[in-house]
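Step one of this worksheet: look at the structure below.
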Amino acid sequence: MRKLTEEHKKKLSESHKGKPSWNKGLKKGDHPSISKMGFQSGVLNPMWNGGDSDSERRNSEYIHWRIAVFKRDGFACQDCGYKNGVGVKRRDLHAHHIVAWIESIELRYEVENGVTLCVPCHIKKHLKTNRGY
């Protein structure tokens, strides 16, 4: 990491005077997205489901499962019919596990255990089932 000279630090400080700061009041090491912006990730997020690892969902088997679910469902939300790219608002599509990922290792990559949902429908589905997002 490159060290800043005292002169450079002074210029930076001067250039920021009078401007609002999103990280004002943070101590060194505080994460701005948690403390100031209200976003919480991992175990701090109220939707945390207790141990699901993102790295497990980035493997090739998961990616193939997700694509197979999308293809089977015609790349459309199975609750509201939304198709990605159609309509005023852009909504991404998610492959939702019918039997939760954490509840059944055997069904994680079964296409029949997946359904395509747009983000709003996916969130609603998790809120209805009281499962973390």
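For the range 47-88, taking the residues that are charged (D, E, K, R) and part of a loop (DSSP other than H, G, I, E, B), the one that is modelled with the lowest pLDDT is identified as Asp52. A Cβ distance below 7 Å, combined with a sequence gap of six or more or placement on separate chains, defines the contacts here; from the range 97-113, residues that are touching a residue at least 12 places away in the same chain (Cβ under 8 Å) reach residues that are aliphatic (A, V, I, L, M) in the pairs Ile98/Val115; Val99/Leu107; Val111/Ala68; Val111/Val69; Asn113/Ile98; Asn113/Val99; Asn113/Leu107.
Among the criteria (1) at pLDDT 90 or above; (2) surrounded by fewer than 16 Cβ atoms within 10 Å (Cβ to Cβ), the one His96 does not fulfil is (2).
The values are calculated or read from the model by the stated rules, or taken from the named source; none is laboratory data. Just so you know, these numbers come straight off a predicted model, no measurement behind them. Backbone-built Cβ (ideal geometry, glycine too); neighbour counts: all protein chains shown.
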